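Heads up: the structure comes next, in C-alpha cells.
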Amino acid sequence: MKLDSLTDAVGEWLRGTGPESDIVMSSRVRLARNVAQHPFVSRMSEQDRAEAERFLRERIAAAPVGSQLEYIDVGRLEEIDRQLLVERQLISREHADAQGARGVAIDGLEQVSLMINEEDHLRIQCMHSGLDLRGAWEQIKVVDDQIGRVVPYAFHPRWGYLTACPTNVGTGIRVSVMLHLPALVITRQIDKVFRSLHKISLAVRGLYGEGSQAMGDFYQISNQTTLGKTEEELVEQVGDVVPVLIDYERRAREFLVRETQQNVHDQVSRAYGILRTAQTITAEETMQLLSRVRMGVLLGLIGDVKIADINSLLIRTQPAHLQKLRGVELDTKDRNIERARYLRRHFEGGTSPASPN
Amino acid sequence: MKCQQCDKQAVFHITELETGEVRELHLCEDHARTYLNQSEAAEGDDEDKPSAGGLTGPLTVGQTADELALLDKKACPMCGITFFEFRNQGRLGCPHDYVHFEKELEPLIANIHGATQHTGRKPERAAAEAATLPEGTEELTGVIGLRRSMQEAITCEDYEKARESRDAIRRIEDRWLGGTGRDAATPKADTPTNET
Ligand SMILES: [Zn+2]
Ligand SMILES: [Zn+2]
C-alpha cells in the first residue's frame, strides 16, 4: 500500500456519511486475540515476536479476507508514516511507539485493520462511518471466523479468549462510537452525561492530539466489561445508549439556537473567522475551532461550508497529514504556520475547500 | 518494606486496577485502614453505587506480607512470570497464567467484569474440539514451556533431553498447526484419518 495515497482520502472515521452522522462520527468494534503457542507480547523474546508476526501474517494472508488486505510492516516505517496511521485510527499510538516485529493489515476502504503484536498478538478492528455498530459487528465477525479457522486462538472454556490484560478477557470485544457533542459541552451538561454513563459501566474518552489534552468536542463511548455477556449483548449495551445521547445533543443544539441565538452565532462566526485568518495555529486549537464551525454548519448558521469539507480538514490539519501533504518534515513551529496557511487557502473567498494540489 | 506514608513496616500490599492501569500501594496497618475507608467513602459520595461491572470503584486486593511473599514467588511454569511481576505490569505473561494463577485472578476478574464465566463466542474451527476441551488450548500453550526446557537442556549440554523436548514440541505443533488452510487450527486426532 502506498501510504502517500492515504492522504488523498479522508478515511472511514471522517467520511461523514452513514446514519446520524451529524452527531455520530464513527462506529467501531475491536476484538483482542492471542495465539496459544506464544507468550503474550510483553513477555516475548525478539525471536518469539518475529515468529508470531510471521505466523499471523502468513495465516491471515491465506484466509479469504487476506486477498482484500494490504500488509504494512510497521516496524520498518518512518515515524511520520506511523503517525499517519495513528491519525487515521488504523493503528494505536502504543503500536506506533512499540519496538520489534509488528505490522498492520488494512483493507482498501480503511474499514478493517488487523494489528499484529500490539498489546495482544492480534487486534482486529472494524470501523464504519456514522452510527452502524450492527454493521461493524457483522463484518468483524466474518473476519474473526475466517482467521479463527487457521489460527489457534488462545481460549479457555471458563475465561473465553485469553488476553494479556484481564480487563479484556472473555469476549475480547471493545464496542465504541465516536460522538461530536459540542452543544452538550457549551451548555455544560457533558459531565453529567458522563457520570450517568459510568454508572452503567460505559467508558468515555476524549479524542487526544499531540498532547494529552482532549481536542474538540469529540468523545468516544465504549463498553468497560468484556466477560459474562455475549458480544451481541455488549454491542447492544453501547448501541442502546447512543440514541439517548443523540437526543440530548439535539435538544442542547435546539436550546442554543432558541435561547442564545446571538451568542452561539457569534461563537461559531468567530471560530470561522480565526480559521480563515490565523497566521499560526496549533492542531488542538484547529480541532476545537473546526468542531464549533461544524456545529455552526449543522445549525445553518454558516452557509457556505460543507460538512464533508470540515471532516476532511479535521484529518488533513493533523501533524503527519500536514507534513505529508506539504511533502517535507516540519517542526512544531513551522507546522503551526503551515497549518494556518493550509486553512486560509481552503477557506479563501468563503468558497468550499479546493483540492490541495 | 516501609509504608509509603510513614516509617512503619508495610503489611498491606494493595493492587489497584482501574481500566487497565495497575497501581501498587504498600501501607502500614493504620494507613491501609485510612486508605480503604477513604476509597469506600469516595464511592459513597459519588452516588455511584458500584455497578454490576464493579468498575466504578477501584478494585482492591489486600494481602498480608507473608501471604504476598509466598504468592510472589509462584511462577508460571510456561513463561516464568511471577504474580508479583503481573501485579507490577498489569499484563500477564502467557495464556497458561489464567490456569496457573486462577485462584488469584478470580477475585480480580470478578471485580472488573462482575462475572467469572465466559458466555460469548467460541473460536470458529478450533471450537469444534479445543473449545469443548475442559482445558481449552492448554495443550498447545504447553510448547512455551517445552521450548524453555529445550533451551535449558541445550545450555546444560543435555542433548538427549533437548531432543525429547523438540520431539514433543513437534508432535503438539503438528496436531494444532500442521498444514495450512481451513483445518489448520483444529487439533487432529492421534489416530490416522482419511484426511491427508
Ligand atoms: Zn503508614
Ligand atoms: Zn505464563
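The values are calculated or read from the model by the stated rules, or taken from the named source; none is laboratory data. In this text, all values refer to a predicted model and were calculated from it rather than measured experimentally. Cβ coordinates were reconstructed from backbone atoms using ideal geometry, including for glycine residues, and neighbour counts include every protein chain displayed.
Things to note:
- For the range A:322-331, the set of residues classified as in a helix (DSSP H, G or I) and either touching a residue at least 40 places away in the same chain (Cβ under 8 Å) or in the same structural domain as residue A:88 (by TED's automatic domain parsing) (or both) consists of A:323, A:324, A:325, listed by residue number.
- Qualifying residue in the range A:261-276 (condition: loosely packed, with under 15 Cβ neighbours inside 10 Å and not in a helix (DSSP H, G or I)): no
- Residues of the range A:37-70 satisfying the condition of being farther than 14 Å from residue A:101 by Cα and among the aliphatic types (A, V, I, L, M): A:60, A:61, A:62, A:63, A:65, A:69
- Residue within the range A:96-112 that is within 21 Å of residue A:167 (Cβ to Cβ) and either part of a helix (DSSP H, G or I) or within 16 Å of ligand 1 (Cβ to nearest atom) (or both) present: yes
- The condition of being touching a residue at least 60 places away in the same chain (Cβ under 8 Å) and away from chain B (no Cβ under 14 Å) holds for only one of A:106, A:124, A:140, that being A:106.
- Some residue of the range A:214-226 being surrounded by fewer than 20 Cβ atoms within 10 Å (Cβ to Cβ) and at pLDDT below 90: yes
- Residue within the range B:63-80 that is over 25 Å from residue A:163 (Cα atoms), within 16 Å of ligand 1 (Cβ to nearest atom), at pLDDT 75 or above and surrounded by fewer than 18 Cβ atoms within 10 Å (Cβ to Cβ) present: no
- Candidates A:65, A:41, A:86, filtered to the one that is in contact (Cβ under 8 Å) with a residue 40 or more places away in the chain and under 24 Å from residue A:180 (Cα atoms): A:86
- The number of residues in the range A:136-151 being within 17 Å of residue A:110 (Cβ to Cβ) and buried (at least 22 other Cβ atoms within 10 Å of the Cβ) comes to 3.
- Condition met for residue A:118 (crowded, with 18+ Cβ neighbours inside 10 Å, touching a strand residue (DSSP E or B) at 6+ places or on another chain (Cβ under 8 Å) and not basic (Lys, Arg)): no
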